1. When only Cα pairs under 8 Å and 6 or more residues apart are kept, what is the percent relative contact order across the chain?
2. Give a residue-ordered list of calculated ³J(HN,Hα) values for the range 159-166 (Karplus: 6.51 cos²θ - 1.76 cosθ + 1.60, θ = phi - 60°; whole Hz; x for Gly, Pro).
3. What ³J(HN,Hα) values, in whole Hz, does the Karplus curve 6.51 cos²θ - 1.76 cosθ + 1.60 give for the range 138-154 when θ = phi - 60°, with x put for Gly and Pro?
4. Using every pair of alpha-carbon atoms in the chain, split the distances into 10 Å bins beginning at 0 and state the percent of pairs per bin, rounded to integers.
5. Give, in nm to one decimal, the length gained when the segment between residue 95 and residue 160 is fully stretched (0.36 nm per residue of separation minus the Cα-Cα distance).
6. Once you have the alpha carbon radius of gyration of the range 79-227, what is it after dividing by 2.2 N^0.38 Å, with N set to its residue count?
7. Over the range 44-149, calculate the relative contact order: mean separation of alpha carbon pairs under 8 Å at least 6 apart, over the residue count, as a percent.
8. Working out 0.36 nm times the residue gap between residue 11 and residue 144, then minus their Cα-Cα distance, what length gain in nm do you get to one decimal?
Amino acid sequence: MITVDLPSAEALAAASTAFTFALLGIGVLIVGSAVAASIWARSLNGWALGGVSFVLSQTAQVVTLFLLGPLIAAFASAPVQEVSRALILSTAARRVRDEKPVVAFGFGHGAIDLLTSSLIPTLSAVIILGGISDGSIFVGLNAEVTDKVHAVAIFLASQTLVSAALLIVQGALMVGLHTLLTLIVLRAVVRGGGTRTIGRGLLLPIAIHTPVAVVRTLFPMATTPVLLGALAVAALAYRRGKSAMTETPPAL
């Protein structure tokens with residue numbers, strides 16, 4: 001028997017609608033990024049390699065989380081992702097050098113980021129809300145766990161279509177940021193000069209990415225303004241770097 005006061009059926013239904021909307025929107029972003037990459041670059045190779053770079057970074061992130069805890073893992077997220085991006089671009093993606101496949105690479109990295117950080121949690125929320133609504137989630141739970149599920153129910157029921165739309169917008173912005181960071185990282189990789197030189201070239205994308213990664217993990221409600229600021233800085237850095245490369249006279 002459920003002994004806690006749950007949100008109303010109307011509130012749970014509204015929250016379920018909001019999360020379903022977010023789920024569909026994020027799914028469209030992920031699939032759309034793959035379709036756009038295949039049309040833009042005429043191949044999914046760059047997109048897939050971008051996804052591999054994110055998976056590689058998350059493997060290292062899980063180890064960091066296990067050994068050092070969530071706080072250190074949050075600050076390590078950006079460096080790990082940028083190093084992983086550079087590693088794949090300098091090895092498996094050695095042929096990814098033109099702008100179109102590089103953009104596809106960024107789309108792939110961002111898409112798998114959305115898959116793990118947004119799509120799966122949103123799908124879980126839809127499933128949990130369904131279990132709360134019909135009471136099935138409480139079957140066999142003790143009082144302590146029931147209280148925790150009650151707290152989750154209150155949080156989930158507070159979400160609206162506005163918060164769902166914001167999540168979708170954040171996802172689109174994140175894909176854009178990953179694309180710009182990929183372009184900046186590629187510049188460091190192509191410039192070469194050895195591990196130290198490439199490492200120094202990664203300091204800029206790491207500095208741009210770190211505030212976003214930390215805020216997304218520790219202060220998710222503040223993600224949008226930080227993400228917008230990071231996008232603006234990344235766009236400016238990319239344009240300045242591109243102009244500098246264009247203006248550099250050829251070596252005699």
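Every number in this text was worked out from the coordinates using simple rules, so none of it is lab data. Note that this is a predicted model, so its numbers are computed, not measured.
1. Numbers: 290 pairs, mean separation 73.7, N = 252.
Relative contact order here is 29 percent.
2. So the Karplus estimates, Gly and Pro as x, are 7, 10, 5, 5, 5, 5, 5, 5 Hz.
3. Values per residue, Gly and Pro as x: 8, 5, x, 8, 7, 4, 5, 5, 4, 4, 5, 5, 4, 4, 5, 4, 5 Hz.
4. 7, 27, 31, 19, 10, 4, 1, 0, 0
5. Numbers: separation 65, 0.36 × 65 = 23.40 nm, distance 4.43 nm.
That pair, residue 95 and residue 160, stretches by 19.0 nm at full extension.
6. Numbers: Rg = 19.8 Å, N = 149, 2.2 N^0.38 = 14.7 Å.
So the Cα radius of gyration is 1.34 times the expected 2.2 N^0.38 Å.
7. It comes to 38 percent, rounded to a whole number.
8. Numbers: separation 133, 0.36 × 133 = 47.88 nm, distance 2.36 nm.
Taking residue 11 through residue 144 to full extension adds about 45.5 nm, to one decimal.
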